[in-house]
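Contents: one structure, followed by commentary.
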Amino acid sequence: LLATLSSQDLQGRHVLVTAGPTREPLDPARYLSNRSSGRMGYALARVARRRGARVTLVSGPVSLDPPPGVEVVPVMTARDMRAAVREHRDQADIIIMAAAVADFRPVGCADRKIKKSRAPDTIALSENPDILKELGRERRPEQVLVGFAAESHDHEAEGRRKLATKNLDLICVNDILGEKTGFDVDTNQVLLIDWQGQETLPLLSKEETAVRILDRIRELLP
Ligand code: CTP
Ligand code: CA
């Protein structure tokens, strides 16, 4: 009931959210990936929709139900995610990159399963495109661009560095080592940094964290 009564302050806005990990294949049976349940991104998509936005959710492989009323675009690799984001970014007023994009991918994907008896000593990797950095380089000034940062150390300094180098309006810094803020939990405590200042949110559910992040984003809208 509370949810249906909540304000429609994002009505008329289009929000593009990415969520979950990407998966970079090594052979037909194996892949390189990141730890990510997708819960934070899905909560953002769900809450934005509830507040009246049109929402596109570009999602890596996760085991979550699609949020009601949200257009879900499933992707596998970072390069798939990049293509899907580029396809939808021009219509978006707000872009939130909550996905845990794999920074590297195996150079090639073997077409047969690599047998144990032929185990390679090393796996050659190439760097994936930085989707968010590209968005920051090519953005329209009135578009609000939001990143996440997953950090084990130097949270504030790393957050500030990424805010600047990726040309963002807001960055949400996650502590990946915290017992209640890390992976596979329903709670989170994020540090929000923008060009006005910073704020550490209390320990909240991911749903409530999404509400607070969208409150902040709404203040940044032109
Ligand atoms: N990101 C992205 N494309 C990548 C890597 C990251 O779009 N290839 C986005 C993430 O979705 C996140 C932000 O960039 O919103 C920061 O991701 P993070 O992994 O914390 O930072 P990196 O820039 O990848 O640096 P590092 O992993 O070395 O800390
Ligand atoms: Ca990274």
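Bear in mind that the values in this text are calculations on the coordinates, not laboratory data. Predicted model only: the values in this text are computed from it and were never measured. Every residue, glycine as well, gets a Cβ built from its backbone with ideal geometry; the counts of neighbours run over all protein chains shown.
What's the FRET efficiency of D111 with L220 using the Cβ-Cβ distance as r and R₀ = 41 Å, to the nearest 0.05?
That pair, D111 with L220, gives E of 0.30.
What helices does the chain hold that run 18 Å or longer along their axis, going by alpha-carbon atoms, with a Kyte-Doolittle average of -1.0 or more, using DSSP H for the helix calls?
Span-like helices in the chain: 206-220.
Report for region 125-222 the percent antiparallel among DSSP-assigned beta bridges with both residues inside it, nearest 5.
Of the beta bridges lying entirely in region 125-222, close to 60 percent run antiparallel.
Antiparallel versus total DSSP beta bridges in region 20-74: what percent is that, nearest 5?
Given both bridge residues lie in region 20-74, the antiparallel proportion sits at roughly 50 percent.
Counting only DSSP beta bridges with both residues in region 1-135, what percent are antiparallel, rounded to the nearest 5?
In region 1-135, DSSP labels about 30 percent of beta bridges as antiparallel.
Can you pick out the pairs among K166/K206; K113/K206; K133/K180; K162/K206 whose Cα atoms lie more than 32 Å from each other?
Violating the 32 Å Cα-Cα cut-off are K113/K206.
Each residue of region 96-103 in order: what ³J(HN,Hα) in whole Hz does its phi give by Karplus 6.51 cos²θ - 1.76 cosθ + 1.60, θ = phi - 60°, with x for Gly and Pro?
10, 8, 8, 5, 9, 6, 5, 6
Would you mind computing the Rg to Rh ratio of region 122-222 from its alpha-carbon coordinates, Kirkwood style for Rh?
That ratio equals 1.00.
Rank these for me by crowding, C172, C109, going from fewest to most other beta carbons within 10 Å.
C109, C172
Say we join alpha carbon atoms closer than 10 Å with springs in a Gaussian network model of the chain; which of R51, R112, R39 then has the biggest fluctuation?
R112
Place a +1 charge on the Cβ of each Lys and Arg in the chain and a -1 charge on the Cβ of each Asp and Glu, then give the dipole magnitude about the Cα centre in debye, rounded to the nearest 20.
Roughly 680 debye for the chain.
Can you tell me which of A149, A110, A83 moves the most in a GNM of the chain? Springs connect C-alpha atoms under 10 Å apart.
A110
Can you give me the Cα centroid spacing of region 100-171 and region 189-217 in angstrom?
A separation of 22 Å, based on Cα centres.
Using mean Cβ contacts within 10 Å as the protection proxy, how do 116-123, 43-50 order, highest first?
For the peptides 116-123, 43-50, the packing ranking is 43-50, 116-123.
Along the principal axes of its C-alpha atoms, what lengths does the chain span, in descending order and rounded to whole Å?
Principal axes ranked by extent give 60, 36, 35 Å for the Cα atoms.
Given the rule -39500 (n - 2.57) for each run of at least 4 DSSP H residues, summed and divided by the residues of the chain, what is its mean residue ellipticity at 222 nm, to the nearest 500 deg cm²/dmol?
Result for the chain: -8000 deg cm²/dmol, rounded to the nearest 500.
Estimate the FRET efficiency between Q8 and Q189 by the formula 1/(1 + (r/R0)^6), using the beta-carbon distance for r and 30 Å for R0, to the nearest 0.05.
Efficiency for this residue pair is about 0.60.
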